[in-house]
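Encoded as structure tokens, the structure appears first; notes follow it.
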Amino acid sequence: MSKPADTPRFIYRDFVQIPVDRVGVLIGEGGKVKREVEKQLGVELKVDSESGLVEVKLKEGEEPSKLFKAKDVVTAIANGFSPERALKLVDEDVSLALVDLRDYVGDSEKSLVRIKGRIIGEEGKARRFIEEATGAFVSVSRDKVAIIGDYDALEIAKKAVEMLASGKQHSTVYRYLMSKRRELKRRKLSLLY
């Protein structure tokens, strides 16, 4: 038995595991966020509210790259980003990077809390400095740091987070960020002339 012509077919699919407490954010009030992701990326999301497993299916005729973008949006929301920020990933020049903090501290909860505190900084100062210096967005969640930005911003912000995670002084990281910021400005100016 064949499907009616107006029923979309799905040719690619993948899965993303998200924390159960982030399922509501992904779905949104009345399903608004889920529908927006589906509409913008030509996918269907099936969310298991009890397990946090999200199936991402690409609709027939859509670019396969949209499947990866949809997975990135779901992953960004799973790692603490608001849907508005996560949807910036729809832009082909914007990407997502994850830094797994367990790579730096193992499974020690106490060390994980300490390292997250270093990355966030007092009253959010370090995280805010990274965002302002690079133009990237940074979210510190359970055991990961998620970063959204264009290629240059992403690489610089990721390096700054890794420096803090490996124990570098905040002042050293701030100097690195200011140096990279000046370099980016010079590069952009040279492209204009």
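Bear in mind that the values in this text are calculations on the coordinates, not laboratory data. Just so it is clear, the model here is predicted, and its values are computed rather than measured. Cβ placement follows ideal geometry from the backbone for every residue including glycine, while neighbour counts extend to all protein chains displayed.
Here are the numbers for the structure shown:
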| read-out | value |
| --- | --- |
| Residues D143, D103 arranged by fewest to most Cβ contacts within 10 Å | D103, D143 |
| Axial C-alpha extent at least 18 Å, average Kyte-Doolittle at least 0.5 - helices from the chain (DSSP) | 65-78 |
| Neighbourhood charge, 14 Å Cβ-Cβ cut-off, centred on I27 and excluding it, Lys, Arg +1 and Asp, Glu -1 | -3 |
| Residue order, fewest to most beta carbons within 10 Å, for E36, E84 | E84, E36 |
| Neighbour net charge for D103 - beta-carbon separation under 12 angstrom, K R +1, D E -1 | -2 |
| Residue order, fewest to most surrounding Cβ atoms within 10 angstrom, among D91, D107 | D107, D91 |
| Additional length obtainable on full extension of the chain from R181 to E50, 0.36 nm per residue less Cα span | 42.8 nm |
| Dipole magnitude (debye, nearest 20) for the stretch 94-192, charges at Cβ of Lys, Arg, Asp, Glu | 420 debye |
| Interchain or long-range residues, amide H under 5 Å from S141's placed H | A146 |
| Per-pair calculated FRET efficiency, R0 = 35 Å: S82 and K168 via Cβ, rounded to 0.05 | 0.75 |
| Other-chain or far-sequence residues with amide H under 5 Å of G121's (modelled H) | A126, R127 |
| The chain - mean residue ellipticity at 222 nm from DSSP helices (-39,500 (n - 2.57) per run, n ≥ 4, rounded to 500) | -15000 deg cm²/dmol |
| Binned Cα-Cα distance frequencies in the chain - 5 Å width, integer % | 1, 8, 15, 17, 16, 14, 11, 8, 5, 2, 1, 1, 0, 0 |
| Spin-label model distance (nm) - R128 vs E60, 7 Å beyond Cα toward Cβ | 5.2 nm |
| Calculated diffusion of the stretch 94-192, Stokes-Einstein form, Kirkwood radius summed over Cα pairs, 10 °C and 1.306 mPa s, µm²/s | 117 µm²/s |
| Virtual spin-label span in nm between S141 and E36, 7 Å along Cα→Cβ | 1.7 nm |
| Positive-end residue, the chain charge dipole about Cα centroid, Cβ charges, pick of I120, L67, Q40 | I120 |
| Distance (nanometres) between label positions extended 7 Å along Cα→Cβ at D152 and Y12 | 2.9 nm |
| Net charge contributed by nearby residues that have their C-beta within less than 13 Å of S65 (K/R +1, D/E -1) | -4 |
| Using a Förster distance of 30 Å, the FRET efficiency for L189-D91 (Cβ separation, nearest 0.05) | 0.85 |
| P(r) tail fraction, the stretch 10-90 - alpha-carbon pairs more than 18 Å apart, % | 30 percent |
